[in-house]
1. With the contact rule set at Cα under 8 Å and sequence spacing of 6 or more, what percent relative contact order holds for the chain?
2. Which residues among the range 416-456 fall inside the zone where the amide N is under 15 Å from a point 7 Å beyond the Cα of residue 306, along Cα→Cβ?
3. Given a Förster distance of 25 Å, report the FRET efficiency between residue 659 and residue 257 from their Cβ-Cβ distance, rounded to the nearest 0.05.
4. With unit charges on the beta carbon (Lys/Arg positive, Asp/Glu negative), name the residue among 382, 623, 114 whose Cα is farthest towards the positive pole of the charge dipole of the chain.
5. Just to verify a number: FRET efficiency for residue 680 and residue 211, C-beta to C-beta distance, R0 = 45 Å, to 0.05?
6. With the crude spin-label approximation of a point 7 Å out along Cα→Cβ, what separation in nm comes out for residue 157 versus residue 673?
7. Extending each Cα 7 Å along its Cβ direction at residue 516 and residue 557, get the distance between those two points in nm, one decimal.
8. Probe 1.4 Å, all protein chains in place: accessible area of residue 297 in Å², nearest 10?
Amino acid sequence: MSELVSFEKQGSVGVITVNNPPVNALAQGVRQGLIEGLARGIDDPGVSAMVIIGGGRTFIAGADIREFGKPPQPPDLHSVLEKIESSPKPVVAAIHGTALGGGLEVCLACHYRVAVAAGQVGLPEVKLGLLPGAGGTQRLPRLIGAEAALKMIVSGDPVRAPRAKELGIVDEVVGEDLRAGAVAFAEKLVAEKKPLRKISAADDKLQAARQNPALFETFKKGIEREARGYLAPFKCIEAVQAAVTLPFAEGLKRERQLFQECMASPQSKGQIHAFFAEREATKIPDVPPGTPARKIERAAVIGAGTMGGGIAMNFANAGIPVTVVEMSQEALDRGLAVVKKNYAGTVEKGRLSQADMDKRMGLITGTLDRGAIREADIVIEAVFEEMAVKKDVFAALDKIAKPGAVLASNTSTLDIDQIASATSRPEAVIGTHFFSPANVMRLLELVRGARTAKETIATSSELSRRIGKVWVLAGNCDGFIGNRMLAPYLREAEFLVEEGATPQQVDKVIYDFGFAMGPFAMQDLAGLDVGWRIRKGKAAARRKDLRYSHVGDRLCEQGRFGQKTGSGWYRYEPGSRTPRPDPEVEALIAAAAKEGGITRRQVSDEEVLKRCLWALVNEGARILEEGIALRSSDIDVTYLYGYGFPRYRGGPMFYADQVGLKQVYGDVAAFHTQHGEPWTPAPLLERLAKEGKGFRDFSR
Ligand code: 3HC
Ligand code: NAI
C-alpha cells in the first residue's frame, strides 16, 4: 500500500484512510493508494463494503494544486474514480472537514455519502480559474439537478452537511464519530441489499433543465457583471450544459476539454498564484508560528469617522467588545449612526438577523472618555491624518493603556516610528492600515516600525485572522506598500489626461483591464480631499523642477471632492453614483495643459495601460528591493485585496513577470527617456530584466 493511504478491516467493512497532511490533497501517492485500497477490499471475500475517509482534520480537499503544470503522474484521477464507481461492493464516502474539488469528485464516484454536521462539500475550482475536471460538472447535476449544480460550481462556495443533505449530495448526517457512523451506514446498506448507486447512470434530475434549456443563458446573464473578465465561470456553465445535452461519457470528454482550456489560460495561473500568495504572505521569517501573542478580549478605537466606525464593526462582527472614543458627542453620534445604518442595510438585505445586529451593536460602546481604553488589549487609532494629532493621541494612550496592550495606528501614510516615539513603548506600536470601507475591504496592511516587537506582530496578525482579513506585512515608509505604489499610478493618470487623454478614456482602459474601477472613478469614490490634504502637507518639500499636475488641486479648490459633493473628476446626478463626463473638467484640464506648455495629442489606450501599470510595477520593484515588502507576491496580495486589481491577472508583479521583465523594463526605460526622472527604472527591475529573471526569482 502507498504510505499515504491505509486499509483496515472493521468487521466486514474495509476502511480506506487517506493520510496526506495537511489537507489530504490527491497527490500521486494518494491516487495510487486509493486504487490499491479498493483492490484489497474488492479482492477480500471477508469485505462486503468499503468506506473512504480522511485522516487528520479533513476529507480530501482537492487535487494537489502544486502538481498543476507538471507532467502528469499516473494513475490519473479519472481512472481512480472509474474504479470506485465500478466497484462491485458499495463504497461510502465519509466526510469531515472539507470535501472540495477532486475531493468531492471522489465522493460523487462513491455510491453513498455520509458526513458529520460540520463537514462541508464544494467545487471551488472556479476560484482557481478552473472547472471541476474529474466528472464534477457531469455528476453533480445528475445528483442535484442542473440549476443547483450551476450555483455551486459557478460560485465555488461550499455548503455545510445539513444543506448538502437537503440538496441530495449527502445521504446521511452522522454523529461526531464519523468512522463508526460510516461503517454502520455501510453495514446497513449491505444488510438491506441496497443497490450500487452510480451517479453517472442517473438521468432523472436532468429532466428539468432539458425542459428549460434557456436556463443556461439566464444563468450566464445573471453572473455577467460579477464575473466580468473571468473565463472559468463561463466554462463551468458550458460544462454543466454538456451534462444536460450529452451522454455521460461524451460529457466527460467535453469537461476535460474545457478544463484543459482553463488550465492553459493565463487566468488560472494568476488565480493559483493568488491562492498561494495569500498563504505565503502570512509567513514572516522572524515571527514564526508559535510566537507568543496576546489574547484580544477587548478592543478600543480612537475616532469614529469614516474608518473608525468600520474598524469597530470588524471587532463587533467577531464578537469582541469594542469601545469607540471620540472628541465630541456630535462626532460620536454621527459615527455610531453610520455603523447602525450599515448594519440595518445588511439586515434589510436579509444577510443578518435583527437579533445579530442588536448583539453586534451591543458590543460597541461609544464614549468621550479616553480613560475607557484602560481595559483594551488593542487600541486602534483612526483620527485625522496629521502627525501632531497622532502624536498627541499616542502620548495619551501610552499613559492610559494597560501594559502589553497593542497600540495601533490606522495611518495611511505617516511614519510609524515617529508616532511610536510619542510613547514610552515603541515595541507595542504597529500600523494596522485598513482599507475603506473598513468593514468590507479584505486587506489589512500591518506596518512594522523599527522597534515593533514580534509579539505585537503576532498579536495583530492573529487578530487579522480572527476578523477575517487577508494581511500583509509592510515596512515603514511613506505610503507603505499600497499607497506608495498608488502615488505614481495616480500621477501618470493625471499626466495622461493633461497630455490629451480624458478621464473616461483612462478609466475605461483600466476597467477593461479588469480593475474594479479606473483611477479617476476611484478618487471620486474615496474623496479627492484626502489626497489634497496630504499633498498640501508635503507642498513645501515638493521639488519644483519636477512636473506636477495641478488639475486635482484645482478640482478641490472648487469644492469638487468627488461623489460626496456631487462632482469631482466627473459630475453626478443627484442620488446617482454614475460618473458622467464633465465639460468643465475638460476645460480645466485643457487650461492646465496650456499653462504647463503641454501640446495635447491623441493618447493610445496601449500607452494609458502601460503608463499606469508600469508606474505601479516600477515602484513595486523599489519596495521589494528596499525590503518594504518581503516578497513580490505580498505586493500582489496588497493590490488584489486592497485596490481591486483583477485576480485573474495575479497582481501587478505577477502580471509583469508574465509579460516579461525585459519588455517591462524596455517600456520603462523608454518612458524615462521621454518623461524624465520620475520614470527612472528601479535598479531591481533593470537587473532582473537584464538577467532574464522575474520578480518571483528575487529573494533576499
Ligand atoms: N493542493 C495543495 N496544497 C494545498 C491544497 C491543495 N488542494 N489545499 C491547501 N493546500 C495547502 C496550502 O497551500 C497550505 O500550505 P502551507 O501550509 O504550506 O501554506 C496548507 O495546505 C493548509 O492550507 P490552508 O492554510 O488554506 O488551511 P485552511 O485550513 O485554512 O483551509 C482548505 C483548508 C479549505 C482546504 C483550503 O486550503 C482550500 O480552500 N484549499 C483549496 C481547495 C481547492 O481549491 N480544491 C480544488 C483543487 S482543484 C481540483 O481539485 C481539480 C479537480 O477538479 C480535478
Ligand atoms: P475622518 O475625518 O472621517 O475621521 C476622523 C475622526 O477622528 C473624526 O470623527 C474626529 O472627530 C476624530 N478625532 C480626531 N481627533 C481625535 C482625538 N484626539 N480623539 C478622538 N477622536 C478624534 O478620517 P478617516 O477618513 O476616518 O481617517 C482616519 C485615519 O484613517 C487617517 O489616519 C487616515 O489617513 C486613515 N485612513 C483613511 C482611509 C480613507 O479612505 N478615509 C483609508 C485608510 C486609512
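1. Relative contact order for the chain comes out at 9 percent.
2. Under 15 Å, as judged by backbone N against the label point of residue 306, lie 434-441 of the range 416-456.
3. In this case the efficiency is close to 0.35.
4. Result: 114.
5. Working from the Cβ atoms, E equals 0.10.
6. Here the answer is 5.2 nm between the modelled labels.
7. With each label point 7 Å from Cα toward Cβ, the separation is 3.3 nm.
8. 110
The values are calculated or read from the model by the stated rules, or taken from the named source; none is laboratory data. Fair warning: this is a prediction, and the values are worked out from it, not measured in the lab. Because the Cβ atoms are built from the backbone with ideal geometry, glycine has one as well, and the counts that use them run over all protein chains shown. With ligands, DNA and RNA removed, areas are computed over all heavy atoms of the protein, side chains included. Shrake-Rupley method; radii C 1.70, N 1.55, O 1.52, S 1.80 Å.
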